[in-house]
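The block underneath contains the structure these notes are about, expressed in structure tokens.
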Amino acid sequence: MTQESFVDFQNVWLAYNDELLAQNHFAVEDINLQVKQGEFIAIVGPSGCGKSTFMKLTTGLKMPSKGRILVDGQPVTGPLKISGMAFQASSLLPWRTTLDNVLLPLEIVEPYRSNFKQKKTEYAERARKLLSTVGLAGYEDKFPWQLSGGMQQRASICRALIHEPKMLLLDEPFGALDAFTREELWCILRDLWTEQKFNVILVTHDLRESVFLADTVYVMSKSPGRFVVKKEIDLPRPRDLEITYTPEFTTIVHELRGHIGAMRKTGAAINP
């Protein structure tokens, strides 16, 4: 592992159970991936290619059948406390207010859990600041059913970041939103990442989203999933939405679409 790798996959294979392993039937195979400290990567590919499986491996929710994974220099042996996650469904608890939903990780993750009662006022202030950053000031006492889909997703991202994780994992977080709201949230995520420089792994079907947000985009092949293309996004930062209308941006999106289209037609992996 190089000194600067924050996530390091070394020849990782995963079969979902012993029977499938005996048949050499893998969900993902031969993954070698090094992610630098503070890097923002995006993973794209056809449905069912193993993108979500890769997320589970990264967070320690699944253990590899072969190979090993290091995160922040430590072998992954179980669920990681240093990561935050957000999904396509915001999964906010309907009986909790926006503020209390955001505070939830601090109630259940150590070392915050032990101090939660004594430090609740301080933690609530942190949550309010985070909510304000994403445009939800004034909505702290609203319940999820009183929020739009975009607002729920903002709250979900705040919940994923409240315990100041070193890594944020996002699985299709904006997939259910309209185009305008989605682009708004791209900019919010961009600003949070620019300010805090945590690692981000974004799984998405949206090629524009991946090119706008990421430093590096990886294309996964059909199942069994493996990384077949690595594309470094050489667009200057900070990026604003205007860049998505430039020829340089469009060229990269078309190139990635071409790789995925080629896989759909042939069913075969293409070389990086």
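If we count every other residue with Cβ under 10 angstrom of residue 37's Cβ, Lys/Arg +1 and Asp/Glu -1, where does the sum land?
Summing Lys and Arg as +1 and Asp and Glu as -1 gives 0.
Which order do 51, 129 fall in if you start with the one that has the fewest other Cβ atoms within 10 Å?
Details: 51 23, 129 11.
Ordered from fewest to most neighbouring Cβ atoms within 10 Å, 51, 129 come out as 129, 51.
Given the options 209, 110, 29, which has the most mean-square fluctuation in a GNM of the chain, springs set between C-alpha atoms less than 10 angstrom apart?
110
Tell me, 72, 178, 206 in order of fewest to most beta-carbon neighbours within 10 Å? Write down the numbers at each step before the final one.
Numbers: 72 16, 178 12, 206 19.
Taking fewest neighbouring Cβ atoms as first place, the list is 178, 72, 206.
Among 108, 157, 41, determine the one that fluctuates most according to a GNM of the chain built with springs between C-alpha atoms less than 10 Å apart.
Residue with maximal mean-square fluctuation among 108, 157, 41: 108.
How much net charge surrounds residue 203 when only the other residues with a Cβ under 13 Å from the Cβ of residue 203 are counted, with Lys and Arg +1 and Asp and Glu -1? Kindly include the intermediate steps, with their values, before the conclusion.
Working: positive: 51, 56; negative: 171, 172, 206, 209.
It works out to a net charge of -2.
Please work out the Cα center distance from region 18-80 to region 154-170, rounded to the nearest Å.
Between the Cα centres of region 18-80 and region 154-170 lies a distance of 20 Å.
Long-range amide H contacts for residue 38: which residues qualify at under 5 Å (H placed 1.01 Å from N, peptide plane, sequence gap of 5 or more or a different chain)?
199
When the Kirkwood radius is taken over all Cα pairs of region 132-195, what Stokes-Einstein diffusion coefficient follows at 25 °C and 0.890 mPa s, in µm²/s?
198 µm²/s
Given a 10 angstrom Cα cut-off, can you work out which residue in 81, 117, 36 is the most mobile in a GNM of the chain?
So, out of 81, 117, 36, the one fluctuating most is 117.
I want the local charge near residue 60. Using Cβ-Cβ distances under 13 Å, sum +1 for each Lys or Arg and -1 for each Asp or Glu among the other residues.
Values: positive: 56, 62, 68, 81; negative: 72.
Result for the local shell: +3.
Measure nothing but the geometry: give the 0 to 90° angle between the long axis through the Cα atoms of 149-161 and the longest principal axis through the Cα atoms of the chain, rounded to 10°.
90 degrees
Against the longest alpha carbon principal axis of the chain, how many degrees, from 0 to 90 and to the nearest 10, is the axis of helix 98-108 turned?
Approximately 70 degrees, to the nearest ten.
What is the Cα radius of gyration of region 72-166 over 2.2 N^0.38 Å, N being its residue count? Display every interim value, and only then the final one.
Working: Rg = 13.5 Å, N = 95, 2.2 N^0.38 = 12.4 Å.
Expressed relative to 2.2 N^0.38 Å, the Cα Rg reads 1.09.
From the alpha carbon gyration tensor of region 35-118, can you work out the equivalent ellipsoid semi-axes (sqrt of 5 times each eigenvalue) and give them in Å, largest to smallest? Intermediate results must be reported in sequence, preceding the final value.
Values: eigenvalues 148, 70, 29 Å².
One finds semi-axes of 27, 19, 12 Å for region 35-118.
Relative to the first principal axis of the alpha-carbon coordinates of the chain, what is the inclination of helix 179-196, with its axis defined by its Cα atoms, in degrees from 0 to 90 and to the nearest 10?
The answer is roughly 80 degrees.
Kirkwood hydrodynamic radius of the chain from all distinct Cα pairs, in Å? Mind dumping the intermediate values first?
Details: mean 1/r = 0.0513 Å⁻¹.
About 19.5 Å for the chain.
On the first, second and third principal axes, largest extent first, how far apart are the outermost C-alpha atoms of region 1-159 in Å?
53, 33, 28
Each value in this text was obtained by applying a stated rule to the coordinates, not by laboratory testing. Since the model is a prediction, treat every value here as computed from it, not as a measurement. Cβ atoms come from the backbone with ideal geometry, glycine included; neighbour counts cover every protein chain shown.
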